[in-house]
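Inspection log for the structure reproduced underneath, given as structure tokens.
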Amino acid sequence: HTRLDLRQRQMVTRDRITSTWLTGATASKLKAKVEMSLSKVNTQFKNYGQYIFNNPATDFTTIKTDIFDGTLDAEGKASVTLKVPTATEAPGMLNATFTTRVFEPGGDASIYTQTIPFSPFTSYVGINLNQPKGKYIETDKDHVFDIVTCLLYTSDAADDLLCGNLGGCRIITN
């Protein structure tokens with residue numbers, strides 16, 4: 001059993017790895033490795049399912065990072081300094097997947113994978129094209145698009161979301 005404790009959404013944070021045998025005994029002095037990958041997901045917010053929050057113009061590929069490669073202490077623990085990549089080219093929300101491997105003395109590994117949502121931004125702008133799915137937007141015609149902005153903030157109790165309608169938007173092209 002392996003656990004990586006991630007409670008904060010800071011760009012650099014200190015956490016720890018804790019590993020025990022299935023029997024509950026301490027998995028002391030074992031080699032451990034933790035990898036993190038950031039991958040894109042569809043950004044959605046409750047009550048705003050008809051809005052598009054992902055930026056389709058970005059070209060984002062999964063970012064993989066080694067965040068720990070070392071040995072657990074006598075108590076089966078190790079401190080980890082996690083530096084999250086900025087991911088400024090992300091199209092929206094990301095999934096952070098942590099793969100922790102703890103190697104037994106014989107070389108076999110116990111593997112634990114944990115995926116958590118990660119927001120590289122503090123706010124998101126969504127657009128509602130006001131079109132049925134699968135329909136296109138006709139040219140040479142006026143269209144009204146609804147726009148909303150969602151601000152993310154973290155409190156001690158839980159992650160919260162504040163969304164507000166910015167009203168309509170009219171795009172005029174020559």
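The values are calculated or read from the model by the stated rules, or taken from the named source; none is laboratory data. As the structure is a computational prediction, the values presented were derived from the model and not from experiment. With ligands, DNA and RNA removed, areas are computed over all heavy atoms of the protein, side chains included. Shrake-Rupley method; radii C 1.70, N 1.55, O 1.52, S 1.80 Å.
Just by accessible area at a 1.4 angstrom probe, what is the order of Leu129, Leu151, Leu82 from largest to smallest?
Result, largest first: Leu151, Leu129, Leu82.
Take the alpha-carbon centre of region 82-125, take the same for region 47-67, and report the distance between them in whole Å.
14
Please report, for the Cα atoms of region 48-90, the Rg to one decimal and the Dmax as a whole number; what are they, in angstrom?
17.6, 52
Keeping the other protein chains in place, figure out the carbon and sulfur percent of the accessible area of region 32-136, with a 1.4 Å probe.
On region 32-136, the fraction of accessible area on carbon and sulfur atoms equals 49 percent.
Sequence gap at least 6, Cα distance under 8 Å: using those rules, report the relative contact order of region 9-92 to the nearest whole percent.
The normalised contact order for region 9-92 reaches 48 percent.
In the structure shown, do any of Lys33/Lys77; Lys46/Lys83; Lys40/Lys135; Lys31/Lys77; Lys33/Lys83; Lys31/Lys64 have a Cα-Cα gap over 18 Å, and if so which?
Checking Cα-Cα distances, Lys46/Lys83; Lys40/Lys135; Lys31/Lys64 exceed 18 Å.
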